[in-house]
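**Student:** One structure is given below, represented as structure tokens, and several questions about it will come after.
The values are calculated or read from the model by the stated rules, or taken from the named source; none is laboratory data. Nothing here was measured: the structure is a model prediction, and the numbers come from that model. As a convention, Cβ positions derive from the backbone with ideal geometry for all residues, glycine included, and neighbour counts pool all protein chains shown.
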Amino acid sequence: MADTIEAAQGVGEALSQNYGEQQLLRLAMSTIGAIAWQWDLDSGVFSYSLPLAQALGLDSDGEDTSLLDRIDREDQENLLAAAERAHEGREAFEHLVHIRIGPEYHPFRIIGSRVDSPLANHRSMSGILMAGVDAGFLLNSILSHTSVLVFVKDLQGHYLFVNPEYAQQCGIDAHDALGKTDRELFGDKVADYTLQLEQRVIESAEQMQREESPPFQTDNTYLAERFPIYNSQGAIYALGCVFTDITQNKTYEQTINQQRRELGLVLDAVPSQIWYLGSGGEVIAINRQASRLLGLDIKQVKDRTLLDLSNAVPNARERHRQILQVIETGTPVFGSIENYLDNGERVWARVDTIPMPGKGGEISGVLLVANDVTELKRKEEHLARNDARYRSFIANSTEAIFGAEVEPPMPLNLQLERQIDWLKQHTRYIECNKICASSYDLEIDEFIGSRLIDLESSKEVFRQKALAFLQNRYRVSNISVCELDRFGNERWYELSLRGQISREGLTEIWGMFRDVTVNKRQELALKHSESRYRSFIANSHEGIFNLEFRQSIAIGLPLEQQVECFVRDTYVSECNDVFAQQYGYESAAECVGRGIMELSDAESARKMLRIFIKNNYQLANFESQVRSKHAGVFWSSASLEGVIENDMLVGCWGSQRDTTERRKYLEELEYQATHDSLTLLPNRKKLYMEAEASIRNLHPDKSLALMLIDLDRFKEINDTLGHHMGDRLLKQLGPRLELIISEHPGLVARLGGDEFAVMLANIAEQEATEIAHQILLQIGETFDLGGFQADISASLGISFCPKHGQDVGTLMRYADVAMYRAKTESIGMLEYAPAFDKHTPKRLALMTDLGRAIREDQLLLHFQPKIDVNGRFIHGFEALLRWEHPQHGAIPPSEFIPLAETTELIRPLTLWVLDAAMAQCRRWRGAGLNVRVAVNLSTRNLLDDQIVNQVERILANHQVPAHALELEITESAIMADPKRALEALERVHALGVHLSIDDFGTGYSSLAYIKRLPVETLKIDYSFVIDMLEDEQDEIIVRSTINLAHNLGLKVVAEGVESRAILEKLYGMGCDQAQGYYIGRPMTEADAGQWLRRGEWSSLHLLT
């Protein structure tokens, strides 16, 4: 509230000296902290007006850039990003920053807009800096509620600030006016008039008052005051203007009285105590809140000092001393915390004391603002007490409690084994209680600082705990852990762990454990006893049985090995007669002793056992079809529970009931619910069920096709021949369609009326399209309706999974869009295309998410190595963009990069890649790895006039030499505009950046044109390289390209090197560099570093 007090003092001074409203607003703007500024985004120079900067200590070092240096580092980055976005979008912006004044940071609001000038060579922004969040609110309140019209312009006439009254009277939008001139807003006549006046003020460096009408041309008369605003060097930086309506009464006294009432309402509405004190510390004015808390009105306190009011003002002597010091030094005091007793209760207040300049610049008084922060201090004390209770809880807990720090934090995207290794190497205890330390025979100070792995009884125990923790998303509750104590005895513990996750990854692990050895042994004994008891349930209507093993099965074995042991070694040790009769035996005696393979077929048993083992050796009401060797096929519902002792499966107890009749009844109900009653074809529900299942089981190289068919002129048949004839036609249509698709997995469904659907699973798109044409031809064949011959046609729309969507709802909608388009254009059959449906939710959502991913740094780079074929060294890496979507996981580059290339997103996306690639290149070079990093440029990037400046800036930011960067451009990008492409490439080449043509051979560039380009390298597209050992044409193309490039003085890089044989072939052809999976797949930064350290590439140099 320091700025609120400062504003109140300024208002009080204005009232006491009978200033006009123009002076009042000027004083409020400078007192509250309105600093005019201009920012050259390219040079980084930040200029600002002098008066408040001096008062707040922002220019103590006398440098223009000192203000930016005092801004919090994180705020600097966010402010620069906001300013650049505003400049690029030609928008105004408002941002909160924290500026260091003395030892502390204080909040400021910065408001600005883009400066467009034909003389400007740099990107420039200008605006106003307001000191304090609350102060900015008060200034806005004053300017928003007053009848006075206010604006601020830069020296070129661009609006930097417009208050709502001015915007309303002029008929303009206050936000849209920022950055514009009078000529743009009001035309030449107004602009010429105001330019003449404003130029006079700037040239004379003096304020000007005159009666005139503002640009809105009303009948009212206004008193206009124009005044210059100075920067930190004392030069005129901007111009302000205040219009006051003096139509009703031109006397200043009446105007001031009205303004006093308006401003008084504003100040009285402020919840802070506001005092305006004179140069001797005497009270000039106070607001209603101060009066209420004092219990005195202004008449009772006016012209009295705080010493005179010591009975009502706590700490009056210290406050009075501080006030006189501020008046003497002119230095404000912000955030002074005081406490005192009020009716026996401790009260805390935050007091800001701000000097108020007079007309001649001398300090004429102070503005004092006091805010009650008692509640905040009480919360701080409450937190401190909670922390003490927390530490007392840990120390006195009956369970072992500990905390561990992961330093550096573990990235969450590592593979499981990497995560386990990370925890081994980088996790140390930072907290524990005495019980925890004693469990390891250590004192607390010996325990803290130890690595987790160093205190475990074995590496396997550590791995068991780590797996449980990592596989359960960094938290486990009451898991049982068995360890050997120092005497070799088994001890059981119940362990709970919780991981602390931040943006950097896993940072801490907190947990507790307790010894449950006695309970565990009792539990195992009780479970075994209860299992035996349950086996002897007499006269049960369900089959009850007990299985035992000729050899116990270790539960740690792989799944399939456990299944085979179960099948081989399991036999029925006990059962009742019901169980035996379910398998065709008369009594239990005939069944006992038989292996499970003697009862049912092996496949049924294996299927059930896999589920049983995966479900922690339990089954509950598992329904399956049993193929008994003696009783035929029947449906059963089985429950099974394994008996585990010492990590060994020693037996199973279970029950089973025959559900064949119930199953038949349910199947009949299911059929009725999933089939059309007229045609007996599957209905919409069945279609969705089957399609969803087919999508889950879709082969990677196949598609699912969904067709929607709508009969044309079917209504004419119903209307002409009657609905019974229409029903007859529909019944005939189903078999026709089913015959066409009979050789393919899928189904024909009736959706209702004359609308049908065909679903084909695991089929090639071309084959599905051919079947669609056959369907239309078959529908066009004559229908015999019992004496009547009917010919109809149909419209068909088709969509594919995964090409068009991953769920049935989306595929249905897209097929419906295509079918409707086909019907509208009388085409017959159409495949869905986005052009038919420009507003797909997926496209819009992906565009939005991609923009957010760029801004929020959700993208990452993978690096694929390139080696020198003839030498024995790594040549460099190609940076490949990856996007890990928070909800959808990895998004393929082939999906989002083409989308970005059709929008403006490609520019910030490419800049992100360049910046990240050069940052990594800098880290590698700092580690002594002088490699080159290649980045791809799209057509839009290549033809962007700013690309050269942006590349140069990024190289400078990361201190990377230009030759360490290689830009890869496709032939198609170059041929989009050959002239501009050549100019851009020559400018980039002049920086020293290496250039190469990517995917050579797939475009249409001429060799004569390539010869003119400043490129050093051709990259042969992988489609030629990967098959050249089997395809003679590809080999000829590769060999010719290498010879051609060498004749032109160019190097050659071959992509698609996926085997040693290809690499040897390229070596024989004289190829310079190679890239492909055989050398190294695209990998993360960490993996690339390991790849370099392992020296895997050296094994490839056996070609000589």
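**Student:** Answer yes or no: is there a residue in the range 624-646 that is at pLDDT below 85, touching a Ser or Thr at 6+ places or on another chain (Cβ under 9 Å) and part of a helix (DSSP H, G or I).
**Tutor:** No, the range 624-646 has no match at all.
**Student:** Tally the residues that are surrounded by fewer than 20 Cβ atoms within 10 Å (Cβ to Cβ) and not in a loop (DSSP other than H, G, I, E, B), restricting the search to the range 405-419. Before you say what the answer is, go through the steps one by one.
**Tutor:** The initial filter retains those residues of the range 405-419 that are surrounded by fewer than 20 Cβ atoms within 10 Å (Cβ to Cβ), namely 405, 407-409, 411-418.
Next cut, not in a loop (DSSP other than H, G, I, E, B) only: 405, 407-409, 416-418.
The number of residues fulfilling the criteria is 7.
Table: residues versus (1) among the hydrophobic types (A, V, I, L, M, F, W, C); (2) in the same structural domain as residue 686 (by TED's automatic domain parsing); (3) in contact (Cβ under 8 Å) with a residue 40 or more places away in the chain.
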{"position": "769", "(1), (2), (3)": "no, yes, yes"}
{"position": "776", "(1), (2), (3)": "yes, yes, yes"}
{"position": "781", "(1), (2), (3)": "no, yes, yes"}
{"position": "804", "(1), (2), (3)": "no, yes, no"}
{"position": "809", "(1), (2), (3)": "no, yes, no"}
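**Student:** A further question follows. For the range 986-1097, which fully contained helices (runs of 4 or more DSSP H) count at least 2 residues that are under 38 Å from the mean Cα position of the chain (by Cα)?
**Tutor:** Numbers: elements: 1007-1012, 1022-1025, 1032-1047, 1060-1069, 1085-1094.
So the answer is 1022-1025, 1085-1094.
**Student:** Specify which of the listed residues (184, 165) is within 29 Å of residue 94 (Cβ to Cβ) and either buried (at least 17 other Cβ atoms within 10 Å of the Cβ) or not assigned by TED's automatic domain parsing to the domain that holds residue 129 (or both). Show your work before the answer.
**Tutor:** Details: 184 fails: either buried (at least 17 other Cβ atoms within 10 Å of the Cβ) or not assigned by TED's automatic domain parsing to the domain that holds residue 129 (or both).
Exactly one of 184, 165 is within 29 Å of residue 94 (Cβ to Cβ) and either buried (at least 17 other Cβ atoms within 10 Å of the Cβ) or not assigned by TED's automatic domain parsing to the domain that holds residue 129 (or both), namely 165.
**Student:** If you don't mind, there's one more thing I want to ask. For the range 277-297: of the residues being surrounded by 15 or more Cβ atoms within 10 Å (Cβ to Cβ) and assigned to a loop (DSSP other than H, G, I, E, B), which is nearest to the chain's Cα centre (by Cα)?
**Tutor:** Taking the candidates together, the pick is 287.
**Student:** Does any residue of the range 315-325 turn out to be under 29 Å from residue 105 (Cβ atoms), out of contact with any Cys (no Cβ under 8 Å at 6 or more places or on another chain) and in a strand (DSSP E or B)? Spell out the reasoning first.
**Tutor:** If we filter the range 315-325 for residues that are under 29 Å from residue 105 (Cβ atoms), which is where we start, we get 315, 318-325.
Subset that is out of contact with any Cys (no Cβ under 8 Å at 6 or more places or on another chain): 315, 318-325.
Retained after the next criterion (residues that are in a strand (DSSP E or B)): none.
No, that holds for no residue.
**Student:** What residue, of 424, 379, is of a type in the set (D, E, K, R) and within 30 Å of residue 517 (Cβ to Cβ)? Give the steps one after another, and end with the answer.
**Tutor:** On the way: 379 fails: within 30 Å of residue 517 (Cβ to Cβ).
The match here is 424.
**Student:** Do you know which residues across the range 695-717 are within 18 Å of residue 813 (Cα to Cα) and touching a Cys at 6+ places or on another chain (Cβ under 9 Å)?
**Tutor:** 695, 703, 704, 705, 706
One line per residue, one yes/no per condition, for (1) at pLDDT 90 or above; (2) over 25 Å from the mean Cα position of the chain (by Cα); (3) surrounded by fewer than 18 Cβ atoms within 10 Å (Cβ to Cβ); (4) under 30 Å from residue 1057 (Cα atoms):
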position	(1), (2), (3), (4)
782	yes, yes, yes, no
792	yes, yes, no, no
848	no, no, yes, no
856	no, no, yes, no
870	no, yes, yes, yes
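**Student:** Please verify whether residue 346 is at pLDDT 80 or above, among the basic types (Lys, Arg), surrounded by fewer than 20 Cβ atoms within 10 Å (Cβ to Cβ) and not in a helix (DSSP H, G or I), treating the condition exactly as stated. If you could, list the steps in order and put the result at the bottom.
**Tutor:** Working: at pLDDT 80 or above: no; among the basic types (Lys, Arg): yes; surrounded by fewer than 20 Cβ atoms within 10 Å (Cβ to Cβ): yes; not in a helix (DSSP H, G or I): yes.
No; evaluated as a whole, the condition is false for this residue.
**Student:** A follow-up question, please. Can you name the condition, by its number, that residue 428 falls short on among (1) at pLDDT 90 or above; (2) touching a Cys at 6+ places or on another chain (Cβ under 7 Å)?
**Tutor:** Just one mismatch for residue 428, condition (2).
**Student:** Run residue 830 past the list (1) without any contact (Cβ under 8 Å) to a residue 40 or more places away in the chain; (2) more than 19 Å from residue 756 (Cα to Cα); (3) hydrophobic (A, V, I, L, M, F, W, C) and report the number of the one that doesn't hold.
**Tutor:** Only one criterion is unmet by residue 830, namely (2).
**Student:** Further question: Considering only the range 803-830, state which residues are outside any helix (DSSP H, G or I), at pLDDT 90 or above and out of contact with any helix residue (DSSP H, G or I) (no Cβ under 6 Å at 6 or more places or on another chain).
**Tutor:** Within the range 803-830, 803, 806, 807 meet the criteria.
**Student:** What number of residues within the range 732-757 are within 16 Å of residue 797 (Cβ to Cβ) and hydrophobic (A, V, I, L, M, F, W, C)?
**Tutor:** 6
**Student:** Residues being β-branched (Val, Ile, Thr) and assigned to a helix (DSSP H, G or I): count how many of those fall in the range 388-404. If you could, list the steps in order and put the result at the bottom.
**Tutor:** Going residue by residue through the range 388-404, those that are β-branched (Val, Ile, Thr) are 394, 398, 401.
Adding the requirement that they be assigned to a helix (DSSP H, G or I) leaves 394.
So the answer is 1.
**Student:** So, one more: Just a yes or no: is a residue in the range 735-749 of a type in the set (Asp, Glu), in the same structural domain as residue 809 (by TED's automatic domain parsing) and over 22 Å from residue 768 (Cα atoms)? Write out each step before concluding.
**Tutor:** Step one: filter the range 735-749 for residues of a type in the set (Asp, Glu), giving 738, 743.
Of the ones still in play, those that are also in the same structural domain as residue 809 (by TED's automatic domain parsing) are 738, 743.
Add one more test, that the residue is over 22 Å from residue 768 (Cα atoms), and what stays is none.
Within the range 735-749, not a single residue is of a type in the set (Asp, Glu), in the same structural domain as residue 809 (by TED's automatic domain parsing) and over 22 Å from residue 768 (Cα atoms).
**Student:** Looking at the range 889-915, which of the residues that are in contact (Cβ under 8 Å) with a residue 12 or more places away in the chain and assigned to a loop (DSSP other than H, G, I, E, B) is surrounded by the most Cβ atoms within 10 Å (Cβ to Cβ)? Spell out how you get there, then give the answer.
**Tutor:** Let us first name the residues in the range 889-915 that are in contact (Cβ under 8 Å) with a residue 12 or more places away in the chain, namely 891, 893, 895-897, 899-901, 903, 905-915.
If we keep only those that are assigned to a loop (DSSP other than H, G, I, E, B) too, we end up with 903, 905.
Details: 903: 13, 905: 19.
Out of the qualifying residues, it is 905.
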